[in-house]
Structure formats: structure tokens, C-alpha cells
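Please read the structure below before turning to the comments.
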Amino acid sequence: PAPAFVFRSTDEKERSRRRRRREKRRARAGARRVPWLSRSLAAAALVAALVLGALLLDSHRQLQDSEAFTAVWAERAVSPGAELVPGISDNGTWQAVLAEDGVALRAEGVVGWDGEVLELWGESDGTQRSYGVLELGADGTVEFTSTMTDQRLFVTREMPPGSESGSPSSRVVANLDPEAVAPEGS
């Protein structure tokens, strides 16, 4: 009687020693592979580390900017002839130091407007000039310094840059005039 099955010559070639070794290597390599869940967690951890690193760098930059502003404010506040001027405003609390070597401006609790920016203006002897657009922080703070100086400062709401008219609008947000502040005790 003949056997129920017969090996073909191609079967023998497929089951060669080289092929068996290759299959063993693949099986070992597959066992060493990291499962998809571990790879996903590693990728998520990498993304989280990058985001946290970016946030850390941004907060470090903000801290340096704030320290630099504080140093300029203190320097100008103690310079001879410097005036600390509180602002008159219904949008936040404004203060400025007007000194011979420049100005420093700080505001807290300022609310911005959609499609408009805040621009700082100075006035001396009836002549007005722009100090530029103020950068409003997410927490409603404004910190600004300049080496230019004027007798009084005021902040207006303006259209975004590029549509500069060269003169301030009538929408005054804050007025920082030493003469508008009543002397203490009066």
C-alpha cells in the first residue's frame, strides 16, 4: 500500500536549513519588538515633554522681560526730577514714570478690543508723537519703556498697524498727565 501523502521536491526546498534559520531570526526579532501600546505611550510622553519644554522656555522669557522692566522702572523712578504719574482711566490701572532719560509705563487689568490696538502717545509743548503700539498681555498687563520722554502721556484705541493716520484718535483709554493729578493734601 502507498502512503496517503507524498513530499514534493519543492516542499523540501522550502523547508531548507536557510529558511528555517530565517524564520527563527524573525520570530526572535518579533519577540523583542515593543508592542504598539508602549510605542504610543513613548510618543505621547515625547510630545508632552516637548510641549512642557516650550512652556518652560516661554515662562523663562517672560520672567526675564519682567525683571528687565522692573530694573528700568526702578532706575527711572529714582532718577533726579522723575515723576510718578497715576493714570486716569476706566480700563485698568495705569502708572508711568516720566524722567529725563525716558519713560516707563505699567498697567494692570486692561481689557482689549477686537480689531483695535492700544497706542501710546506723548505730548510736549503741544506736539504729539507716537511711541508705538502697546503689547497687551493675556492677563491684562502692559509693560513699556522708552528712552524718549514727554511732558504727558496718553493711550488711545487705534485701528491695527498699517492704517496709521499719524495723529491720535479721539478714543482715549488712559491719560497720564502730571498736571491733571491733584497734589496731595488739597
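Rule-based calculations on the coordinates, nothing more; no lab input. As the structure is a computational prediction, the values presented were derived from the model and not from experiment. Every residue, glycine as well, gets a Cβ built from its backbone with ideal geometry; the counts of neighbours run over all protein chains shown.
Go through the stretch 142-152 residue by residue and turn each phi into a ³J(HN,Hα) via Karplus (6.51, -1.76, 1.60, θ = phi - 60°); whole Hz please, and just put x for glycine and proline.
My calculation for the stretch 142-152 gives 10, 10, 9, 9, 7, 8, 6, 9, 9, 6, 8 Hz in order.
Quickly rank 142-151, 75-84, 36-45 as a protection proxy: mean count of other C-beta atoms within 10 Å, highest first.
142-151, 75-84, 36-45
Distance from a point 7 Å along Cα→Cβ of TRP113 to each backbone N in the stretch 130-160: keep the residues under 14 Å and list them by number.
In the stretch 130-160, the label zone of TRP113 (backbone N under 14 Å from the point 7 Å along Cα→Cβ) covers 155-160.
As an exercise, use a Förster radius of 41 Å and the Cβ-Cβ distance of ALA45 and GLN128 to find the FRET efficiency, rounded to the nearest 0.05.
The computed FRET efficiency comes out at 0.15.
Given H placed 1.01 Å from N in the peptide plane, which residues other than close sequence neighbours of TYR131 have an amide H under 5 Å from its amide H?
Amide H neighbours of TYR131, under 5 Å, 5+ apart: LEU120, TRP121, GLY122.
Taking the convex hull of the alpha carbon atoms in the stretch 63-186, what volume per residue do you get, in Å³?
About 125 Å³ per residue, rounded to a whole number.
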